[in-house]
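Take a look at the structure set out below.
The values are calculated or read from the model by the stated rules, or taken from the named source; none is laboratory data. The shown structure was predicted, so the numbers you read here are calculated from the model rather than taken from an experiment. As a convention, Cβ positions derive from the backbone with ideal geometry for all residues, glycine included, and neighbour counts pool all protein chains shown. What goes into the accessible areas is simple: the full protein's heavy atoms, side chains included, and nothing from ligands, DNA or RNA. Shrake-Rupley method; radii C 1.70, N 1.55, O 1.52, S 1.80 Å.
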Amino acid sequence: MSEVKISAATRTEFGKGAARRIRREDKVPGVLYGHGSDPLHLTLPGHDLLMALRTPNVLIALDIDGKTNELAIPKSVQRDPLKGFLEHVDLLLVKRGEKVTVEVPVHTEGELAPGGYLLEHVLNALPVEAEATHIPESVTVSVEGLEAGASILAKDITLPKGTTLAVEEDAVVLQVLAAQAEEAPEGEETVEEEAAEA
């Protein structure tokens, strides 16, 4: 679990005009909330935040106005739909040792059995509960040799130590589907077979 240090400043201006001014300075408006405390409005450096958010569930060590240090994880990120730049970020305050529920990306490795099968990601991310400073970046599942009809359930996935499922154990995460190719009726040769014989 990577921890990224970011300097932030408290924000006193609000509204669309203030947000635009902040973005023109390559900064991002954000809100830090959690633990029953009042939401804290922040201005964060755009480039540093963008780099940090490349890691799913990144743990951000915030240095606020050079006075306070807080730990946070990204909860909601708004991007410009056309240009992709960051418009706003919601950060959730966390403490070391505290358990949080997050969604962890599911990666696959290996090849399906021969036969043109398709792998469907029913869940692209697996909801898990983990200690705030030890959130796994992803989980990896082997699909080696799986055929149509096979599925991988949440309980089949090996989680890192200290991480538990935050979803039903029998929830389908991945399933293998048969390719939807038209099969020639028995006795009729396909175009490829005819071409091969010619």
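Observations
- Annotation: T101 fulfils all but one of (1) at pLDDT below 80; (2) open to solvent by 50 Å² or more (accessible area, probe 1.4 Å); (3) closer than 23 Å to E131 by Cβ; the unmet one is (1).
- The residue list L40, L32, L62, L49 contains one member that is touching a strand residue (DSSP E or B) at 6+ places or on another chain (Cβ under 6 Å) and under 19 Å from T101 (Cα atoms), which is L32.
- Meets criteria (touching a residue at least 40 places away in the same chain (Cβ under 8 Å), charged (D, E, K, R) and open to solvent by 40 Å² or more (accessible area, probe 1.4 Å)) for E147: no
- Filtered residues of segment 53-79 (kept if at negative phi, assigned to a loop (DSSP other than H, G, I, E, B) and surrounded by 14 or more Cβ atoms within 10 Å (Cβ to Cβ)): L53, T55, P56, V58
- Of all residues in segment 171-179, none satisfies being surrounded by 15 or more Cβ atoms within 10 Å (Cβ to Cβ), modelled with pLDDT of 90 or more and small (G, A, S).
- Selection from segment 100-131 of residues that are part of a loop (DSSP other than H, G, I, E, B), in contact with a strand residue (DSSP E or B) (Cβ under 9 Å, 6 or more places away or on another chain) and farther than 24 Å from P74 by Cα: G110, L112, A113, Y117
- Residue check, V141 touching a Leu at 6+ places or on another chain (Cβ under 8 Å), at pLDDT 85 or above, open to solvent by 30 Å² or more (accessible area, probe 1.4 Å) and not in a helix (DSSP H, G or I): no
- The set of residues in segment 103-124 that are in contact (Cβ under 8 Å) with a residue 60 or more places away in the chain and under 30 Å from V4 (Cα atoms) comprises V106, T108.
- Test: residue in segment 83-90 that is out of contact with any Leu (no Cβ under 6 Å at 6 or more places or on another chain), part of a strand (DSSP E or B) and within 18 Å of T163 (Cβ to Cβ): no
- Leading residue by the ranking (most open to solvent (accessible area, probe 1.4 Å)) among those in segment 118-137 that are of a type in the set (G, A, S) and in contact with a Pro (Cβ under 7 Å, 6 or more places away or on another chain): A125
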